[in-house]
1. Please go through region A:434-468 and give me each residue that is within 14 Å of another protein chain (Cβ to nearest Cβ), assigned to a loop (DSSP other than H, G, I, E, B) and surrounded by 16 or more Cβ atoms within 10 Å (Cβ to Cβ), ordered by number.
2. How many residues does region B:288-306 contain that are under 23 Å from the mean Cα position of the chain (by Cα), part of a helix (DSSP H, G or I) and facing chain A (nearest Cβ under 8 Å)?
3. Going by what's in this entry, would A:GLU272 be described as among the charged types (D, E, K, R), in a helix (DSSP H, G or I) and surrounded by 12 or more Cβ atoms within 10 Å (Cβ to Cβ)?
4. Is there a residue being under 19 Å from B:LEU406 (Cα atoms), within 11 Å of chain B (Cβ to nearest Cβ), part of a helix (DSSP H, G or I) and touching a strand residue (DSSP E or B) at 6+ places or on another chain (Cβ under 8 Å) anywhere in region A:346-354?
5. Give the residue, chosen from A:GLU334, A:GLU294, that is under 16 Å from A:ASP359 (Cβ atoms) and assigned to a helix (DSSP H, G or I).
6. Looking at B:GLU116, B:GLU94, which is the one that is more than 14 Å from the chain's Cα centre (by Cα) and without any contact (Cβ under 8 Å) to a residue 40 or more places away in the chain?
7. Which residues, counting only those in region B:42-55, are touching a residue at least 60 places away in the same chain (Cβ under 8 Å) and surrounded by 23 or more Cβ atoms within 10 Å (Cβ to Cβ)?
8. For the subset of region A:87-137 comprising residues that are in a helix (DSSP H, G or I), in contact with a strand residue (DSSP E or B) (Cβ under 9 Å, 6 or more places away or on another chain) and within 13 Å of chain B (Cβ to nearest Cβ), which member is farthest from A:ALA55 (Cα to Cα)?
Amino acid sequence: MCIRKWLLSSACCAATATALGADPYPSTYHAPASRPTLIRNATVLTGTGTRLDHADVLLVDGLVKAVGPGLSAPGNAWIIDAAGRWVTPGIIDVHSHMGVAAAPNTSSLDDLNEATDPVSAQVWAEHSIWPQDPAFATALAGGVTTLQILPGSANLIGGRSVVVKNVPAVTYQAMKFPGAPYGLKMACGENPKRVYGERHQSPSTRMGNVAGYRQAFIDAQAYQLEWDKYQRELASYVAMSAARTKGKDAQPPTPPHRNLKLETLVGVLKGEILVHVHCYRADEMATMLDLADEFGFKIAAFHHGVEAYKIADALADKGVCAALWADWWGFKLEAYDGIQENVALVDRPANSCAMLHSDSADTVQRLNQEAAKAMARGVRAGLDIPPERAIRWITSNPARSLGLSSRTGSLEPGKMGDVVVWSRMPFSVYALADLVFIDGALRFDREHPPAEPASDFMLGQPGATEQP
Amino acid sequence: MRAAGLIACLAAASCAGASTRAADFLIRNATVHTITSAAPLEHTDVRIHGKVIVAVGKDLAAAGATVLEAGNRPLTPGLWGGLSTLGLIDLPGEADTADASQGAGAPPWHQQWRPEFDVTLAYNPRATVVPITRIEGVTWAVLEPASDDSILGGQGAAVTLSGDYDAVLAGSRSLFLQLGGGSNKLSNGSRAGGYMLLDQAVREARAPAAAGEMALLHPAGREALLRYLDHGRIVFDVQRAADILQLIAFAQRMGIKAVVSGGSEAWVVAKQLSRANIPVILDPLQNLPSGFDQLASRLDNAALLHRAGVTIAFSGGYARGIRQPAGNAVAAGLPWEVALASITRTPAEIFGLGSIRGRIAVGQAADLVLWDGDPLEVTTIAERVWIAGEPVTMRSRQTLLRDRYLSRSH
């Protein structure tokens, strides 16, 4: 065997196992070429906490080129008069199951939970995504440009999430957000212990849940050590080969057998995969923060934290985001203490990172309204939450939790041209997304709806384009 | 100042729920949405005596009444919360707290239809969800039963969210049935079987002697069903256009008063629904092809039905959140006044309560809500709520949690 070739392939394996390196299911998304676009004379919520009245937004080559008053446009620019309208960054839903729990809700499209093993870190949500889910298009009409698609919460560790651009595509690879870090879905509380407890297997209790997470990360640490040892031996072998000092009988080290489950968990330990934890109760979130410290990783966000308001300071101190609903509560005991001021209270401390999320193909269409409700309840409780602050809950804060702050979630020069032009102040039940841009390309235009549905599934269905 | 008396009353826990007070209230200077007049009545007063509205007009006399200055803010009737399991379920996953659905585990080949099942007997006015809902301006709802064993859920009725034990609103009793693909397992494997079973039940009710060994109904059930067949109201949960047409034909054949609930594809058969005078209770947010019965779902279903002359009311999601679907229906083309009527007057009329609730008019129940803005807007909050003339204490388990943690950190 050619040693050089062997080394290359082995180095490749090592890279996939211990560092994320090349994605074996790479993004093929490319933003289409777009005309320079100048959106003029709008009220702009930049996503950075700023509101600009009578301001312009210039998109060039798919990026935000400039934001401010009186911008001049290149000669070939499309100029949009947005007087009376509002402009925000594209909305990011940090908790979606679109494509993996698609409409129609048939058993054949239920690809949400690999509920056969409480630790299924080896599964990747993207391998369940059905790109023809009609819900992508309805979310786009609500201004949603980026989504994190997660596995469900039946398992302690449900698998990898994936971040996608909300563009119609035949493959999920053509939706994958280029370069976005992967996420890991974990779940606290009632769901895992119910699913496995009913089968008389572990976990059947909350203490069983925690033992399950700990064992998984202990296994990951051991796996990481195996690979570290291999890498050291390989480096030494390569060095000896180069120096021609190795003995005649010296053999290259054998790489450890790849373990998909532990590979993903090692990615978490190395900080390359971001952790998103389904967790309702304050006490359980505190346990998970300790778990993260025990194993030396960071939690990017808690999702569904209906009790996050009880530990708002701790979350802000740790820099952990919280993805929340405006008013869902009471559908199980761990959701019993939900209050409508949750988002506003989580938002209150310095360095907080409150977010609205949907977990629903219905709610995702109206995340602006969800933010509006949360804002109104906060204001009513005496907190100072202007629209320019609240918009962060569905734009820059989710971008932060996904490790994409430098790329999307705000209207700043150099950011992706992910932009929504709203018919009016977006925190209103009557506000509609008029225009939605993704990477500078117009993807939705309320005035000119597509003649045919984007989803192949909806094509030719009675009702899809039928006129009353 | 008389308003001070109101504030004192609002602070007292005994204020809500008690029904001994006979003092009058005068809500002065409100924008009154009567749900009957073409435009809201600005700078208008509403006087409450006991449990009912006794006057609506400008510059009403204040003598003998506790006065609340409304600052020309919107005043609407108390909202209905839709078809609901509110007060029937504390936690859906905990069997001993969940009473909305009947089921004896009968095998599908030997069904037991229990129309005598009356879910309102399980209603708990002390459930935490009741104050959580009423402080949002939702003062009544219709309790909807279901069944795990058959397509016949049982009887439900409207209840007031006053917190009183005696909560059922007389005259609103209705029978609930489910049709379509979602109930195939309960109708001999096919939606067509639903009509076969319905026919069988009707025969048993009308001619008890015809019931054989495998009767669907018990004697009490036959009596109950017969009442609904004669002049009762039967609410059919049905989504697909073709199924709605079959239901219309069935209702006409049997001479029953039918109401469609769900109706995702109702817009397709809007003309037929209008002609048959069958109202539709729908969720205006239903726009996804959630199942094969709902492939033609669309956001302007409500607007299209209204344009065709169909009576509509809204239901969906949390009872307290009913304003959001209504507001979205407006964004999808429904006139604002119709959307507000669809969560006040229209459901009251559908459930036989139109003469006593759903509007602001003399003789109507004094269920009223004063809002801090457009009542259909998501940023609007209910400031004051009255149920049967009583000011509601604006406190719930959730506001107590809020207040505890609002003051605890920082």
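The values are calculated or read from the model by the stated rules, or taken from the named source; none is laboratory data. Bear in mind that the values here come from a model prediction, so they are computed numbers and not experimental data. A quick note on method: Cβ atoms are made from the backbone with ideal geometry, for glycine too, and the neighbour counts reach across all protein chains shown.
1. Those that are within 14 Å of another protein chain (Cβ to nearest Cβ), assigned to a loop (DSSP other than H, G, I, E, B) and surrounded by 16 or more Cβ atoms within 10 Å (Cβ to Cβ): A:PRO453, A:ALA454, A:SER455, A:PHE457, A:MET458, A:GLN461, A:GLY463, A:ALA464.
2. Looking only at that region, the number is 2.
3. No, not satisfied.
4. Yes: region A:346-354 contains one or more residues that are under 19 Å from B:LEU406 (Cα atoms), within 11 Å of chain B (Cβ to nearest Cβ), part of a helix (DSSP H, G or I) and touching a strand residue (DSSP E or B) at 6+ places or on another chain (Cβ under 8 Å).
5. A:GLU334
6. Just a single option satisfies the conditions, and that option is B:GLU94.
7. Taking region B:42-55 and keeping what is touching a residue at least 60 places away in the same chain (Cβ under 8 Å), we get B:46, B:48-55.
Result: B:VAL46, B:ILE48, B:ILE53.
8. So the residue we want is A:LEU109.
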